[in-house]
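One structure is given here, and the rest of the page talks about it.
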Amino acid sequence: MGRPLMPTPQPLPEPTLRPTPAARHTSAAPPTSAAPPTSAAEGPLVDRFDRVHRDLRISLTDRCSLRCTYCMPEQGVPWLAKTTMLSTEELLRLAGVAVSLGITEVRLTGGEPLLRRDIVDVVAGIAAMEGVEGPIEVSMTTNALGLDKAAQALADAGLTRVNISLDTLRPETFRQMARRDRLDDTLVGIRAAAEAGLTPVKLNTVLLRDVNDHEAPALLAFALEHGYELRFIEQMPLDAGHTWHRESMITGEEILAWLRTAYELSPVPQRGSAPAERFFVDGGPATVGVIASVTSPFCGTCDRVRLTADGQLRNCLFAAGESDLRTPMRDGASDEELAQMFRMSIGAKLPGHGINEPGFLQPPRPMSAIGG
Ligand code: SAM
Ligand code: SF4
């Protein structure tokens, strides 16, 4: 298949959110994520731009069974210290506080969440929580290694669905991108997820130029054949090796151009707060998604907050700072005190991730230790 002519990349502007009038009173100086304001409103997790936070991403570990080049280096990863990792009880306590603040959906991620020995207990504990809209929806982002053995137990514990990373259908390219020879195991894990009813199974793909970009139509064909929902994610500047370059990343526009070499795509209306812009494939009903975090940021509708495996709350993937919940929790903080820390973190959230602004700095914590 020949390479299509790509449109010139057109980076979109950052969102121009304005603080609400009430929010302007909460802090005189422009807040930064490193310096939360000193007061925070009562109530649920609403920020200065009226964004209501409903979605909590919990990273269960920074360890991983793969070494994807856009995420982790081959060697020399500085692991989080074991003593700083949250226990099952600590994780569930913080999740419970978040649920009391209006969180309705929890996504477990990592590193590789299936490496946590207590994964079934974590899922069961969160799935048993009652939120403002009923039981909490628990999902997981995983590389699917070992999912064949765990899928049924996870489904029985209350896991509703999974997002699985699949960047290629070629063993050699898998070895090159993930630095491990595990394509077959990944495919087995994907099948097991579907068989256990963890549906819709969503597949996440990151395209790298001249590595797997030409595989976009083949990956879509695979997803359509099996009834999986495929989403392409633009590569973001979050890898521990600092290998991201704006000039070489595959943009959302290029992803669509690759797909249009084989399929007709038409936009699905009503995106809402979903990061993926979805397209009907050949008239539908099947769809494909593009998450263009870099060239078309969706920060204006962001409803996500993240908790790391060592108990740090991050109000944005790209936040330069974070709020330490582990230390006060271990020092005896009450649930209400922890809730106030959640509110203060959200109160300090910036309007956008700033990737396209001059002076943008990649956060010190890599994706594998934040949780995607
Ligand atoms: N290990 C699990 C997995 O791979 O699905 C969960 C953690 S991983 C960090 C979560 C998601 O982040 C994956 O879909 C992965 O492709 C994506 N990801 C990792 N590094 C990325 C980067 N630099 N840019 C964009 N997406 C990235
Ligand atoms: Fe591991 Fe997921 Fe990062 Fe790949 S993307 S190295 S599977 S955490």
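The values are calculated or read from the model by the stated rules, or taken from the named source; none is laboratory data. Since the structure is predicted, the reported quantities are computational estimates derived from the model, not experimental observations. Note that each Cβ is placed from the backbone with ideal geometry, even for glycine, and that neighbours are counted across all protein chains shown. In case anyone asks, the SASA skips ligands and DNA or RNA and just uses the protein heavy atoms, side chains included. Shrake-Rupley method; radii C 1.70, N 1.55, O 1.52, S 1.80 Å.
Some notes on this structure:
- Evaluation of Ala218 against (1) within 19 Å of Thr141 (Cα to Cα); (2) modelled with pLDDT of 95 or more (one fails), failing number: (1)
- Only one of Leu154, Leu94, Leu66 that is of a type outside the set (Lys, Arg) and in a loop (DSSP other than H, G, I, E, B): Leu66
- Checking every residue in region 230-242 against the condition of being within 14 Å of ligand 2 (Cβ to nearest atom) and over 21 Å from Pro275 (Cβ atoms) gives at least one match.
- Within region 226-282, the only residue that satisfies the criterion of being outside any strand (DSSP E or B), over 19 Å from His353 (Cα atoms), free of Cβ contacts under 8 Å to residues at least 24 places away in the same chain and open to solvent by less than 40 Å² (accessible area, probe 1.4 Å) is Val268.
- Residues that are more than 16 Å from ligand 2 (Cβ to nearest atom), under 22 Å from Ala286 (Cβ atoms) and open to solvent by 10 Å² or more (accessible area, probe 1.4 Å), drawn from region 201-214: His214
- One residue stands out in region 116-125 among those that are touching a strand residue (DSSP E or B) at 6+ places or on another chain (Cβ under 8 Å) and either free of Cβ contacts under 8 Å to residues at least 60 places away in the same chain or in a loop (DSSP other than H, G, I, E, B) (or both): the one that is surrounded by the most Cβ atoms within 10 Å (Cβ to Cβ), namely Val123.
- The single condition among (1) in a loop (DSSP other than H, G, I, E, B); (2) buried (at least 18 other Cβ atoms within 10 Å of the Cβ) that Gly359 does not satisfy is (2).
- Thr109 within 16 Å of ligand 2 (Cβ to nearest atom) and over 17 Å from Ala157 (Cβ atoms): no
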